[in-house]
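Presented below is the structure to which this report refers.
The values are calculated or read from the model by the stated rules, or taken from the named source; none is laboratory data. Here the structure is a predicted model, which means the values were calculated and not measured. Counting neighbours? That spans all protein chains shown, and the Cβs are built from the backbone with ideal geometry, glycine included. For accessibility, only protein heavy atoms count, side chains too; no ligands or nucleic acids. Shrake-Rupley method; radii C 1.70, N 1.55, O 1.52, S 1.80 Å.
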Amino acid sequence: MSEAEDRELRAVQAALAAEHAAVYGYGVVGGRIGDDLRAEARTAYDAHRSRRDALAREVRDLGGRPVAAAAGYALPFQVPDAAAAVRLAAELEDRVAAVYADLVRAGDGGRRALAAGALREAAVRAVRWRGESVAFPGLAERAGQASPSAAPTA
């Protein structure tokens, strides 16, 4: 495997790990979110499950073994109520966007296009949850991080 192929496989694995974490995180969101936002949370949950499954196939196509989901994930803060659930949903989307930004950089051709689409979708969901946008989704989250390909925790 070439260095470029190895870098791409690592980026796909990191995106898969991020999607595992997002699926877990949205399970928490769904348990705390208000009825008015439950359908939006379910749509996001389903989108992340779909991306997760597609990424597992991508890893296998690249000759790798898909990284497994953890039994649980450390949340970035306590989620006692609906307001915190909305903040968690925005944070999950920011973290997923950051990992897809890495995949855009590491991928090529169709995989790069798919990663760019996933980055866009995560950024749009983050805006919906947060109510405001950031200038460069997926990049602002990288400020101050030592390892841009590290998988996020939910």
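Structure summary
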quantity: Per-residue HN-Hα couplings for the range 113-121 [Karplus 6.51, -1.76, 1.60; θ = phi - 60°; Hz; x = Gly/Pro]; calculated: 5, 5, 5, 5, x, 5, 4, 4, 4
quantity: Order by protection proxy (mean Cβ within 10 Å, highest first), peptides 69-79, 117-127, 1-11; calculated: 117-127, 1-11, 69-79
quantity: The chain: relative contact order as a whole-number percent, Cα under 8 Å and 6+ apart; calculated: 32 percent
quantity: Ellipsoid equivalent to the range 1-89 - semi-axes via the Cα gyration tensor, in Å; calculated: 30, 13, 9
quantity: Order by protection proxy (mean Cβ within 10 Å, highest first), peptides 93-105, 50-62; calculated: 93-105, 50-62
quantity: Residues whose placed amide H lies under 5 Å from that of GLY64, excluding near-sequence neighbours; calculated: none
quantity: Accessible carbon and sulfur surface of the chain relative to its total accessible area, %, 1.4 Å; calculated: 53 percent
quantity: Mean projected area (nm²) of the alpha-carbon convex hull when the range 32-76 is viewed from all directions; calculated: 4.2 nm²
quantity: Accessible area expressed per residue, the chain, with surrounding protein chains retained (probe 1.4 Å, Å²); calculated: 52 Å²
quantity: For the chain, average projected area of the Cα convex hull in nm²; calculated: 8.8 nm²
